[in-house]
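S.K.: Here it is, the structure, as structure tokens.
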Amino acid sequence: MSDGPTYGFDTLQIHAGARPDPATGARQTPIYQTTAYVFRDADHAAALFNLQEVGFIYSRLTNPTVAVLQERIATLEGGVGAVCCSSGHAAQIMALFPLMTPGCNVVASTRLYGGTVTQFSQTIKRFGWSATFVDTDDLDAVAAAIDENTRAVFCESIANPGGYVTDIRALADVADAAGIPLIVDNTSATPYLCRPFEHGASLVVHSTTKYLTGNGTVTGGAVVDSGKFDWSASDKFPSLSAPEPAYHGLKFHETFGPLAFTFHGIAIGLRDLGMTMNPQAAHYTLMGIETLSLRMQRHVENAVKVASWLEADPRVDFVTYAGLPSSPYAERAQRCYPKGAGGLFTFAVKGGYDACVKLVNGLEIFSHVANLGDARSLIIHSASTTHRQLTAEQQEAAGAGPNMVRVSIGIEDADDLIADLDQALTQACA
Ligand SMILES: Cc1ncc(COP(=O)(O)O)c(C=O)c1O
């Protein structure tokens, strides 16, 4: 696409980053299944290795198919650049890596995907990093949790497993006042329902495994940079503001300006951590992203219908979907997420743990899997699966108690989904 007019989301989700293949004219983005790229000559190679020229060296760093996806996601988010990674969890490490050194911490929402809670509360300790978890509705508590070693605030826009939506603007203001970036995991909302940079976030991460791909075929992740954070305003971010020994003292922020974080992600992050997305995965995600807006509209429409039906059913205790008028987050959802509160929510089954297990066993259309954001409807009993590593207290805080199931509502006929839940609830509560 040319740098011409500003196109709408539906146009950009198909065209951004892509151009007919210069070698063959192929209209669809080819899968560049190659490890390395021939240098024009030795000077060209030296310029690439010195970061004086942008180009392709080796597919651990950059690959033309992945590059199209990076530009597509950055454009849809309204960012200046993106780095794709092998998974959403890889993207989270890649987002923190340039910011943190041993002894540093991230202030994170208590309402995060269980795998992220485990990654932040356990695994990152091995790097000498730590996380402090706070209720992000309590802005004073967030401000109080930030200390001189805090390098970021981290939240999900529409939280997994569901029911909670973040007021990104309010949280961004707290992070701003402390001179640190707000990182938003925008996996469940996608840039169709929420563009966190418009609400003051500095960085966005995605599990592209979910709605962006939308068909449950590949794992992937992305880190997107707004290009707006001033990495040199303090001495907190030396990886970006101070001389980099591995590049003859080059300063990323001084040299690359708003693209500093993205260049660092490729030149240091992918080079040394190697959490690279492969071109096949990028291809599947590019295919999926072309229909993102259409799918998200249908996910939301179906989620509202199914959640409303469940809420009225006597076998269900309560439904946590911010798209329901009864939700404590209904006003916030309408204000911050006017196109809808996503396709993900939880509900409490009367009969607790045992009834939940019978329910997931009895469903025919819904698949019992540890995934979300697929075109097909999915269900999981979080307490016995994704959230089982967490303490009972952490499970409750994450909305994943023993009586709760999480559904990711697909784009099938809503009436069929309701009929399936009806028959399985009958078995579960017999
Ligand atoms: C909100 C959210 N963020 C991150 C992840 C991790 O993504 P991945 O499984 O691609 O590593 C998940 C996975 O379920 C998720 O739901």
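The values are calculated or read from the model by the stated rules, or taken from the named source; none is laboratory data. Quick caveat: nothing in here was measured; it's all calculated off a predicted structure. All Cβ positions, even for glycine, are placed from backbone atoms using ideal geometry, and neighbour counts span all protein chains on display. These accessible areas exclude ligands, DNA and RNA; they are computed on the full protein's heavy atoms, side chains included. Shrake-Rupley method; radii C 1.70, N 1.55, O 1.52, S 1.80 Å.
S.K.: How about the range 374-405: which of its residues are open to solvent by less than 20 Å² (accessible area, probe 1.4 Å), assigned to a loop (DSSP other than H, G, I, E, B) and in contact with a helix residue (DSSP H, G or I) (Cβ under 8 Å, 6 or more places away or on another chain)?
M.R.: If the condition is that a residue be open to solvent by less than 20 Å² (accessible area, probe 1.4 Å), assigned to a loop (DSSP other than H, G, I, E, B) and in contact with a helix residue (DSSP H, G or I) (Cβ under 8 Å, 6 or more places away or on another chain), then Ser377, His381, His387, Leu390, Ala398, Ala400, Gly401 are the ones that fit.
S.K.: Considering the range 337-373 alone, what residues qualify as being open to solvent by less than 10 Å² (accessible area, probe 1.4 Å) and among the polar types (S, T, N, Q)?
M.R.: Of everything in the range 337-373, just one residue is open to solvent by less than 10 Å² (accessible area, probe 1.4 Å) and among the polar types (S, T, N, Q), namely Thr346.
S.K.: Any chance the range 216-235 includes a residue that's under 17 Å from His89 (Cα atoms) and free of Cβ contacts under 8 Å to residues at least 12 places away in the same chain?
M.R.: The answer is no; no qualifying residue exists.
S.K.: Another question about this same structure. List every residue pair whose Cβ atoms lie under 6 Å apart, where the two residues are 6 or more positions apart in sequence or sit on different chains, the first residue falls within the range 7-33 and is over 30 Å from Gln297 (Cα atoms), and the second residue, located anywhere, is in a loop (DSSP other than H, G, I, E, B).
M.R.: Asp21/Pro30; Tyr32/Asn63
S.K.: Listed residues Thr166, Thr123, Thr150, Thr136; which is more than 16 Å from the ligand (Cβ to nearest atom) and farther than 16 Å from Glu77 by Cα?
M.R.: Criteria check complete, one pass: Thr150.
S.K.: Applying the selection to the range 283-329, what residues are in a loop (DSSP other than H, G, I, E, B), more than 17 Å from Phe9 (Cα to Cα) and out of contact with any Cys (no Cβ under 6 Å at 6 or more places or on another chain)?
M.R.: Ala312, Asp313, Pro314, Tyr321, Ala322, Gly323, Leu324, Pro325, Ser326, Ser327, Pro328, Tyr329
S.K.: Find the residue count for the range 146-178, including only residues that are open to solvent by 20 Å² or more (accessible area, probe 1.4 Å) and either part of a helix (DSSP H, G or I) or touching a residue at least 40 places away in the same chain (Cβ under 8 Å) (or both).
M.R.: Final tally of qualifying residues: 10.
S.K.: Restricting the first residue to the range 44-65 and requiring it to be in the same structural domain as Leu273 (by TED's automatic domain parsing) and closer than 16 Å to Pro22 by Cβ, which pairs with a second residue that is among the basic types (Lys, Arg) and surrounded by fewer than 14 Cβ atoms within 10 Å (Cβ to Cβ) meet a Cβ separation below 8 Å and a spacing of at least six or different chains?
M.R.: The qualifying pairs do not exist here.
S.K.: Take the range 200-230 and flag every residue that is over 18 Å from Val184 (Cβ atoms) and out of contact with any strand residue (DSSP E or B) (no Cβ under 9 Å at 6 or more places or on another chain).
M.R.: Thr213, Gly214, Asn215, Thr217, Val218, Asp230
S.K.: Based on this model, can you work out whether Phe256 counts as within 27 Å of Ala178 (Cα to Cα), of a type in the set (Phe, Trp, Tyr) and either outside the structural domain of Leu203 (by TED's automatic domain parsing) or not in a helix (DSSP H, G or I) (or both)?
M.R.: No, not satisfied.
S.K.: Now for a different question. Of all residues in the range 97-120 being more than 24 Å from Asp167 (Cα to Cα) and either within 16 Å of the ligand (Cβ to nearest atom) or crowded, with 18+ Cβ neighbours inside 10 Å (or both), which is farthest from the chain's Cα centre (by Cα)?
M.R.: Cys104
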